């Protein structure tokens with residue numbers, strides 16, 4: 001579906017038809033104070049040749065380091081067929097088209113995607129995706145407040161073991177909507193959500209508890225206990241999960257006695273290449289009873305007048321083109337192109353392929369932790385993990401990471417700023433793309449750096 | 001032509017009100033409103049015990065093509081809601097003034113019904129909107 005912008009002449013004709021003299025006059029009901037004014041941070045326009053050169057130089061400056069950085073976005077092998085199919089002209093559009101039902105292929109792809117995500121998370125229904133994992137957490141908090149009508153507190157407990165950038169994003173989106181997002185401390189010995197932090201909230205009106213699995217430290221939270229505790233308090237459970245890990249771990253729909261209520265996560269590991277900040281996609285699934293509170297588009301399967309199967313956008317009364325200000329969300333979108341890639345990625349891998357990827361990640365990370373331990377790094381938390389681990393070093397992460405970068409190694413994520421109490425703590429990750437040789441190279445480089453004189 | 005029973009009162013947002021012997025007021029949406037919405041697929045009713053103000057949105061009716069709030073015409077307390085509508089929203093299409101009732105409210109100030117439109121005035125409103 002082609003995107004054809006309006007010419008200056010088109011704009012003039014449309015303004016004439018509605019009897020408005022200029023764009024300025026069209027928007028004059030928006031008060032001056034609400035307008036963004038002059039965009040001072042935006043540099044002047046460049047030509048196509050200039051922008052091509054600039055971007056090539058920036059990409060070259062990134063280099064292609066040997067990567068041990070995860071922290072929310074993960075390097076996985078993407079079969080060549082994924083993007084060969086995704087970038088075909090029929091798919092190459094990022095939105096559900098207007099007059100959506102004319103594009104049965106696009107709708108079917110989204111329907112298949114929804115079915116896969118519902119199955120992977122053990123929930124009844126999925127939406128057509130959201131911006132990314134962080135904004136999906138914000139949408140889940142807002143959804144929980146709408147869905148839990150008996151709870152009046154609009155209070156969603158967010159453990160500090162939830163990714164710090166996700167927490168910041170949720171706070172930015174939710175705070176002006178009068179939600180409270182108190183943080184829960186973690187246990188310093190185990191790196192897991194602390195039982196006594198929960199106890200402080202027992203008996204009060206809690207709308208929901210967020211549980212990230214694996215948590216930001218890569219550790220496996222006691223999800224059954226946490227889920228049952230939240231339900232005993234009358235709170236909903238928002239599960240934030242890594243989709244790859246679900247090939248090995250229990251799906252959130254089976255957590256505890258009753259299962260999680262809303263499941264969200266970052267979809268990037270499913271066939272989306274690493275890029276500086278995205279575009280990635282968020283996913284969201286839930287129980288059938290909450291479907292009318294779920295934001296975003298939903299594709300349904302139906303039959304036409306002749307009884308033939310077809311696909312249609314459904315439950316649209318939740319959405320802004322019908323519900324206006326009372327829509328479930330006025331800020332969400334779906335990431336159609338990336339969802340297409342994820343659907344093809346999951347189709348090619350199948351359940352057993354995804355399980356092989358997840359197992360390989362877990363195995364490589366164990367190998368990495370063992371090798372870096374011999375290089376002088378200390379494993380900070382001993383518990384069960386997926387594909388990330390926190391290591392403590394004998395000097396600041398910043399200097400170590402800079403030294404590693406000099407040798408073409410991206411050594412991990414510096415936790416110092418968000419978790420100063422952990423000391424020189426580094427979050428490392430190894431996916432199935434890392435070989436034993438890669439891990440040995442990191443081990444040797446780190447051993448040299450950590451054994452050098454302290455700065 | 002839509003049905004507009006003589007014994008009810010009406011609002012310009014298409015709710016009807018019925019005085020009940022116990023002093024409470026039964027509220028639903030009019031035959032005209034259900035026609036305009038089309039086949040209803042979902043109804044959300046307020047919880048019993050909820051305090052509502054006059055003009056407050058307290059129920060939602062959703063059809064295949066639109067969703068609309070239902071406003072409480074009066075300030076008061078919700079005594080009871082038609083929770084059966086969750087499973088059978090089509091009751092509003094079939095019987096908007098009977099089985100399709102939405103909520104019963106105990107008004108803070110009794111005896112206010114006379115200030116709402118009677119059937120004749122409401123029918124005139126609907127007729128003028130149609131022109």
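The values are calculated or read from the model by the stated rules, or taken from the named source; none is laboratory data. Nothing here was measured: the structure is a model prediction, and the numbers come from that model. Every residue, glycine as well, gets a Cβ built from its backbone with ideal geometry; the counts of neighbours run over all protein chains shown.
For (1) outside the structural domain of residue A:319 (by TED's automatic domain parsing); (2) surrounded by fewer than 24 Cβ atoms within 10 Å (Cβ to Cβ); (3) more than 20 Å from the chain's Cα centre (by Cα), each residue gets a yes or a no:
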| site | (1), (2), (3) |
| --- | --- |
| A:92 | no, yes, yes |
| A:99 | no, yes, yes |
| A:104 | no, yes, yes |
| A:119 | no, yes, no |
| A:131 | no, yes, no |
| A:138 | no, no, no |
| A:141 | no, no, no |
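Which residue is farthest from the other protein chains (Cβ to nearest Cβ), if the candidates are limited to segment A:277-292 and must be surrounded by 14 or more Cβ atoms within 10 Å (Cβ to Cβ) and within 25 Å of residue B:87 (Cα to Cα)?
Applying the filter and picking the extreme gives A:285.
Out of segment A:116-154, which residues are within 14 Å of chain B (Cβ to nearest Cβ) and in contact with a helix residue (DSSP H, G or I) (Cβ under 7 Å, 6 or more places away or on another chain)? Lay out the reasoning, then the answer.
First, the residues of segment A:116-154 that are within 14 Å of chain B (Cβ to nearest Cβ): A:146-152.
Within segment A:116-154, A:146, A:147 meet the criteria.
I'd like the full set of residues that are assigned to a loop (DSSP other than H, G, I, E, B), within 19 Å of residue A:143 (Cβ to Cβ) and away from every other protein chain (no Cβ under 11 Å), limited to segment A:293-327.
Hits for segment A:293-327 are A:294, A:295, A:296, A:297, A:298.
Only strands (runs of 3 or more DSSP E) wholly contained in segment A:175-285 count here; list those with 3 or more residues that are over 22 Å from residue A:150 (Cβ atoms).
Fully inside segment A:175-285 and qualifying: A:262-266.
I'd like the residue in segment A:328-340 that is closer than 17 Å to residue A:142 by Cα and at pLDDT 85 or above and, out of all such residues, is farthest from the other protein chains (Cβ to nearest Cβ).
So, considering only residues that are closer than 17 Å to residue A:142 by Cα and at pLDDT 85 or above, the one farthest from the other protein chains (Cβ to nearest Cβ) is A:329.
Hey, among A:207, A:193, A:227, A:161, which residue is more than 30 Å from residue A:74 (Cβ to Cβ) and in the same structural domain as residue A:266 (by TED's automatic domain parsing)?
Checking each option against the conditions leaves just A:207.
Taking segment A:293-322 only, how many residues are buried (at least 20 other Cβ atoms within 10 Å of the Cβ), in contact with a strand residue (DSSP E or B) (Cβ under 6 Å, 6 or more places away or on another chain) and either outside the structural domain of residue A:253 (by TED's automatic domain parsing) or free of Cβ contacts under 8 Å to residues at least 60 places away in the same chain (or both)?
The total comes to 1.
Counting only residues that are surrounded by 16 or more Cβ atoms within 10 Å (Cβ to Cβ) and within 13 Å of chain A (Cβ to nearest Cβ), give me the strands (runs of 3 or more DSSP E) lying completely in segment B:15-131 with at least 3 of them.
Answer list for segment B:15-131: B:40-44, B:57-63, B:67-71.
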